[in-house]
1. Exactly one of (1) more than 16 Å from the ligand (Cβ to nearest atom); (2) out of contact with any helix residue (DSSP H, G or I) (no Cβ under 6 Å at 6 or more places or on another chain); (3) not basic (Lys, Arg) is unmet by Ala55. Its number?
2. Going by the conditions given, is Thr43 away from the ligand (no atom under 16 Å from the Cβ) and of a type in the set (Val, Ile, Thr)?
3. So is Ala182 more than 16 Å from the ligand (Cβ to nearest atom), over 15 Å from the mean Cα position of the chain (by Cα), part of a helix (DSSP H, G or I) and small (Gly, Ala, Ser) or not?
4. Only one residue in Thr136, Thr116 is assigned to a loop (DSSP other than H, G, I, E, B), within 16 Å of the ligand (Cβ to nearest atom) and not aromatic (Phe, Trp, Tyr), so which one is that?
5. From the list Lys183, Lys146, Lys151, exactly one residue is of a type in the set (Lys, Arg), in contact (Cβ under 8 Å) with a residue 12 or more places away in the chain, within 18 Å of Arg88 (Cβ to Cβ) and surrounded by fewer than 23 Cβ atoms within 10 Å (Cβ to Cβ). Which is it?
6. Quick test of your reading of the structure: Trp78 fulfils all but one of (1) over 19 Å from Lys166 (Cα atoms); (2) within 16 Å of the ligand (Cβ to nearest atom); (3) touching a Gly at 6+ places or on another chain (Cβ under 8 Å). Name the failing condition by number.
7. Output the number of residues of the range 13-26 satisfying the condition of being farther than 18 Å from Asp180 by Cβ, at pLDDT 95 or above and within 16 Å of the ligand (Cβ to nearest atom).
Amino acid sequence: MATEYELRGQLATCTRIFAMQGMIGVFGHVSVYQPELKRVFITPGMGSDKGSLRAEEMVPCDLSGKPLEGEQGPPVEWPIHTVIHAARPDALAVAHLHTPYATLFTIAKRKFQPVTLQGAIFSDGVPLYPEAQLITNPARGEALLKVIADKRAVLLRGHGIVVAGKNLQEVLYTSLVLEDDAKKSWQAATLGEVGTISEEECRAFGAEIALERRAQRAWNYFAGLEARWDHQPATGRSELFP
Ligand SMILES: [Zn+2]
């Protein structure tokens, strides 16, 4: 079992990488869960500077959103995290992001489908939560849970995305892949009809098998970039698969 110290540190690193990549900013939050203690660590809410977050700034709360120490509560959309952590043993980390490209698929009337081999991890599809509303109470959280079900990610209409994974490394990697595939879909659409990777092709590629290794390698790579980043928004962001 990872220690509180390790989880706080990983959560801070993951969030700073998202900031470097331009995938989190004024909005967005990331969480990690300790099932043994039913305790959630979540990044602070709207307006906090995600690009410079430190381990000690993470907000611990219980599954009802109650802060476990200090004055500061979790971000208003905390039920996104608590319902998924409580229901899915395979979702110990959750990110809610308003990323520039994947969010386009919450607006355009176009289904998300993988367009690269890396995107094969989304062969099950990415469902759409149809309500244009913030997930600010447990009832909306439960409704969201029904839509994401056992999938890796869900699109929130006119809003953003939620990505769940077994650890922060997986959530970082799968979020980067989702954003990259969304961006490439949009770019390819300017050239003509967009070709997608079929379910059979996704399965044949075996992306699931290599996921853990890829997630760890991507984590190491981006953590290295983040360590030498100057923490200015304009100088972040490198392509995932150039
Ligand atoms: Zn949001």
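The values are calculated or read from the model by the stated rules, or taken from the named source; none is laboratory data. Please read these numbers as outputs of a predicted model, since none were measured by experiment. Backbone-built Cβ (ideal geometry, glycine too); neighbour counts: all protein chains shown.
1. With (1) more than 16 Å from the ligand (Cβ to nearest atom); (2) out of contact with any helix residue (DSSP H, G or I) (no Cβ under 6 Å at 6 or more places or on another chain); (3) not basic (Lys, Arg) applied to Ala55, the lone miss is (2).
2. So Thr43 does not fit the description; no.
3. On the way: more than 16 Å from the ligand (Cβ to nearest atom): yes; over 15 Å from the mean Cα position of the chain (by Cα): no; part of a helix (DSSP H, G or I): yes; small (Gly, Ala, Ser): yes.
Taking the combined requirement at face value, the residue does not satisfy it.
4. Working: Thr116 fails: within 16 Å of the ligand (Cβ to nearest atom).
Result: Thr136 is the single residue among Thr136, Thr116 that is assigned to a loop (DSSP other than H, G, I, E, B), within 16 Å of the ligand (Cβ to nearest atom) and not aromatic (Phe, Trp, Tyr).
5. Answer to the check: Lys151.
6. (1)
7. 1
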